[in-house]
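Notes for the one structure printed next.
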Amino acid sequence: MVERRFIQRITGGVLALLVCSFSLFAQDEKELKPVTRTYAITNVNVVPTPGKKIDMATILIKDGLITAVGKGIAIPADAIVIKADSMYVYAGFIDGLSRVGVTKPKEEISRERVKDPGNPAPERAGITPQNDVRGSLNASDKSIEDLRNIGFTVAQVVPYGNLLPGQGSIVLLSGKSADQMVLVSNSSLYSELSGANGVYPNTTMAVIAKWRELYRQASQAKSYQSLYASNRVGLERPGSDRVLEAFYPVIDQRIPVLFKSEKMLDAHRILTLKSDLGFSLVMADVKEGWPVLSKIKVSGAKVFLSLDLPEEAKKDDKKSGGKSDKKADSTKAKEVAKPKTAADLERDALEKRKSEAIANYTTQASVFNKAGVSFGFSSLSAKPKDIPANLRRMIAAGLSEDAALAALTTTPAQLLGLSDRMGTVENGKMANLVISDKSYFNEKAKVRYVFVDGVMYKLEVKEENLHAGQAGKADPNAKVEIEGSWSTVTQTPQGSNDGKVTFKKDGSGYKGTISGGRMPAPADLTSVTLEGNKLSYSYSLSFGGNSIKVDVEATVEGDSFKGNASIGLRGSFSIEGTKNPKN
Amino acid sequence: MKKLFVLLFSSFILLGAMAQVDKGNLLIKNGTVITITKGNLEQTDVLIKDGKIAQIGKNITAPAGIKTVDASGHFVMPGIIDAHSHIALDGINEGTNPITPEVNESDVINPFQIGIYRALGGGITTVHAMHGSANAIGGQCETIKLRYGTFDPEVLKMDGAPRTIKFALGENPTRSHGEGSGIVPRTRMGVEFVIRQAFTEAKEYSEKWNQYNKAKLVKGFRGAPPTYSYRHEVLSDILNDKIIVHCHSYRADEIYMMLKVCKDFGIKRIVFQHVNEGFKVAPELAAQGAMASVFSDWWAYKFEVYYSTAYNAAILAKNGVVTSINSDDGEMMRHLYHEAGKTQKYGGLSDEEALALITINPAKQLGIENRVGSLEVGKEADIAIFKNHPLSIYGVPMFTIVDGIIRFDREKDPDDMRLMVDPKQAIETATFRDKLSDQDHCMEGAEFILDSELFNANKK
């Protein structure tokens, strides 16, 4: 007994030493341990679970956990008190599929020419299911802060790639290293139905064929391995294969396949794969799920709906011309009298169908909810700053606020197997909280605090940001800086097209180059102008001896621009650009 | 009430579990019925029940609640079948490897393409949606029915139709792989070689599995199975007569070569596609039971297609080769009846022979002749109703019926028949154009998106 106590004392000493040396390191990085990990949020409207509310209550947080929720709770002496008078507190939001904090690999690898395009190395073909997202997770990436600032505290993140990019992890949107962020590692096998560039499998049909083959090969290899393990005598040694082995936990149904399922046809194809092969399936970033609803329901697949929505139809577009509102008003009377031309009628009909189409996307969540399919949300293709507005659009289209909140908190917690730890504001749960000054779904609400794993993030609320938030307004007096490199995405009927544009100061104006997309070589921009925040540039593409001029007009806002790329008379496509960080 | 709910609920589950194909009831009155197989019947009615032809005869009274179409003065013929098309597909060529039998168009059916509706406007009801011709052994194809209006790709599939696969000889595979990637095949010899090599490997593969499966029957057997290969599984299926080969070809020498390959590997069912020089080897094709699907008069779009004649279809048919006329094109597809009519000027085929080229013969080539391709009791009610005779230049398709459901009605033909509207597309660019038909027109509109010249070069 004495001996044991002695050992304990020694280990205690060693521990103390260790702690000392850690704090020495910490001092080097000029970072101090928090004085306390106890917080008291007082006088706050608590929404412990969707549909419930406790007015003017107190929440106690200690060492990363919620230790008390309710009224008349004594505040410990060491607590930092947050006077959240009349604010609202919810469980931290959970994102079903995201690449927040994940570093994008260099594009060159996926564009390298291969000697025999029919037999590329698995990495070149996009077949790296053995990759662990932790290897490409950067805890200091700004995207983490962006997503956290709108209330998300946990996300399932996956690596970049096409067919089988690797394994996802569920991470906290907090922490100083990849490992500190990780809550559940290898939570899913991530996949997309997208082909490799110029090599097998290039088309969707080949991607699906390859998927089937890999799965069947993995099942075969796995059963031979267990045969071998049961008695090795007289049996040929099974080889090691990282790709196939990555399927083993899927075959055992220990982890699901997490499929990006944006498009309706992808959803059908993925469900067919599931029913052929029998894995458990999570469909994420679903955008066009309404016609597939019954199939999804029968399949038992878990669902995360996309937080991205198509832009709302512009209401002013209906007036042909419609350049100035005043003019339109004064000519309104005449217009009513004037009979509509065939072209007007056609345009009206097309616009009607387009706005009906947009409505389908906006009502998707409500349709799923009414059909009794439980769902969470995913942010993969959504911009964080659009997410609160998109949620409000879904609510305006029939989703109840409670259902929206459930899809952000309790349901994803359940779908990801985290209900014992998060999803509600309850005693004993992880201290993942979002606090907004008004009800979260109120248009004017601003997030003021986010707690992740008991760590507090206080948000500065800048009033002037309100104006900047109104995107897309041309302002000749605005001052923007475009010099540097920008990544662009052009939406064409054939899919999105990535490119890179670089602007450089040239006297009083700018010059620039463009590369990527499907251009064989970088080209100089033929013109660049910047007036206020209105940016326009042009370049030429050559195809089969023909030269095609592309004109881009966009409005710059901070580090991004939005606008249109028009290709002569062939049409105009929406383009968005984001400035690449300097390095 | 509760019963009703249970009923509703269970039908809902069923809907999700399998592709639900809508089938209709209809009575077509007083038309000239062109049966194809049993002559023409004047002033005759066709009764359709549950998607099938229930009765053909005079003065049939409509059962209660059945819709009637008045075909007085009109011609009622079987829905037209196109044995070579690329509509309703997301992806035509997996052009990365000369041998890709494992890829399957059935996985990438796209029910939203407006070309499906347009084809209905030309009296088409069944289409062979094919892989392209970049590879010597390309992908498996899908026989689809034009049930335009469905959002479910499974519903377009003609359930139970035999499996088919695309092969290609000549310039397309040699250009894609030999010239494009610097690998075999670079010549016609190379094409033959890669096909023979693939079949030989497949034979070895199935032999290994046979041995393994046999050994497994012995009690206490322990051993490693051969590694599963999807590619070789499908190749074995071809060798075991489970898949009909549809082989893109032009020149007589390569057609003859392929006939020999089939003989050597015991492949019984082959349909040659395009076959512009088929007229030179018509007796040889007939002797081996090989079929031919041709253009009426389309040639000279590349070197290997110069030696051609508009008499090709007639010569093949008269030599006893089961011959069809196909479109391989979204536009030509809409007037295959005109294409068939050309064989009357060039070759003097009878009405019956000419119409067989776009009905029962393509049905035979797809192995669906017991279900469609002629108007007979018990067959599926896929019907085109024409104003004026379909072989006349004044012939106009008025109604197109699939499984007893009117899918096209010229009198009720709305402007906007899109099923899915892209919510991001600008109104100005809502051109309703098909991806595929675009690429025939010198890559118009899509040029900066398509880096794959190969895809365009190999369309035909």
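The values are calculated or read from the model by the stated rules, or taken from the named source; none is laboratory data. Just so we're clear, the structure is a prediction, and the values are computed from it rather than from any experiment. We place every Cβ from the backbone using ideal geometry, glycine too, and count neighbours over all the protein chains shown.
Yes/no per residue for (1) surrounded by 14 or more Cβ atoms within 10 Å (Cβ to Cβ); (2) more than 32 Å from the chain's Cα centre (by Cα):
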position: A:Arg37; (1), (2): yes, no
position: A:Met56; (1), (2): no, yes
position: A:Lys71; (1), (2): no, yes
position: A:Ile75; (1), (2): yes, yes
position: A:Ile94; (1), (2): yes, no
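Return a yes/no flag: does the stretch A:90-112 have any residue that is out of contact with any Leu (no Cβ under 9 Å at 6 or more places or on another chain), in contact (Cβ under 8 Å) with a residue 24 or more places away in the chain and aliphatic (A, V, I, L, M).
no
Within the stretch A:287-306, being touching a residue at least 40 places away in the same chain (Cβ under 8 Å) and of a type in the set (A, V, I, L, M) holds for A:Leu293, A:Ile296, A:Val303, A:Leu305. Looking across the stretch B:372-395, the residues that are part of a loop (DSSP other than H, G, I, E, B), closer than 18 Å to B:Gly39 by Cα and not small (Gly, Ala, Ser) come down to B:Val372, B:Leu375, B:Glu376, B:Val377, B:Lys379, B:Asp382, B:Asn388, B:His389, B:Pro390, B:Leu391. Of everything listed in (1) in contact (Cβ under 8 Å) with a residue 60 or more places away in the chain; (2) closer than 29 Å to B:Asp416 by Cα; (3) more than 9 Å from chain A (Cβ to nearest Cβ), the single unmet condition for B:Glu142 is (1). Here A:Glu312 passes the criteria (1) modelled with pLDDT under 95; (2) in contact with an Asp or Glu (Cβ under 8 Å, 6 or more places away or on another chain); (3) within 14 Å of another protein chain (Cβ to nearest Cβ); (4) part of a loop (DSSP other than H, G, I, E, B) except the one numbered (2). Scanning the stretch A:171-225 for residues that are under 23 Å from A:Arg99 (Cα atoms), acidic (Asp, Glu) and either in contact (Cβ under 8 Å) with a residue 60 or more places away in the chain or within 8 Å of chain B (Cβ to nearest Cβ) (or both) returns a single hit, A:Glu192. Say we look at the stretch A:244-269 and pick out the residues that are closer than 22 Å to A:Gln220 by Cα and assigned to a helix (DSSP H, G or I); which of these is farthest from the other protein chains (Cβ to nearest Cβ)? Top of the filtered list is A:Pro249. Of all residues in the stretch A:408-438, which are assigned to a helix (DSSP H, G or I) and touching a Ser or Thr at 6+ places or on another chain (Cβ under 8 Å)? A:Thr410, A:Thr411, A:Ala413, A:Gln414, A:Leu415 - these are the residues of the stretch A:408-438 that are assigned to a helix (DSSP H, G or I) and touching a Ser or Thr at 6+ places or on another chain (Cβ under 8 Å). For A:Pro238, the conditions (1) assigned to a helix (DSSP H, G or I); (2) without any contact (Cβ under 8 Å) to a residue 24 or more places away in the chain; (3) of a type outside the set (Lys, Arg); (4) at the interface with another protein chain (Cβ under 9 Å from one of its Cβ atoms) are fulfilled apart from (1).
The single condition among (1) aliphatic (A, V, I, L, M); (2) within 14 Å of chain A (Cβ to nearest Cβ); (3) crowded, with 18+ Cβ neighbours inside 10 Å; (4) over 26 Å from B:Val103 (Cβ atoms) that B:Leu235 does not meet is (4).
Counting only residues that are under 16 Å from the mean Cα position of the chain (by Cα), more than 7 Å from chain A (Cβ to nearest Cβ) and either in a helix (DSSP H, G or I) or touching a residue at least 60 places away in the same chain (Cβ under 8 Å) (or both), the stretch B:94-112 holds 2 of them. Determine if the stretch B:360-377 includes at least one residue that is surrounded by 24 or more Cβ atoms within 10 Å (Cβ to Cβ), small (Gly, Ala, Ser), in the same structural domain as B:Arg118 (by TED's automatic domain parsing) and out of contact with any strand residue (DSSP E or B) (no Cβ under 8 Å at 6 or more places or on another chain). No; the residues of the stretch B:360-377 include none that is surrounded by 24 or more Cβ atoms within 10 Å (Cβ to Cβ), small (Gly, Ala, Ser), in the same structural domain as B:Arg118 (by TED's automatic domain parsing) and out of contact with any strand residue (DSSP E or B) (no Cβ under 8 Å at 6 or more places or on another chain). Looking only at the stretch B:174-225, count every residue that is under 27 Å from A:Asp116 (Cα atoms) and outside any helix (DSSP H, G or I) and tell me the total. Looking only at that region, the number is 6.
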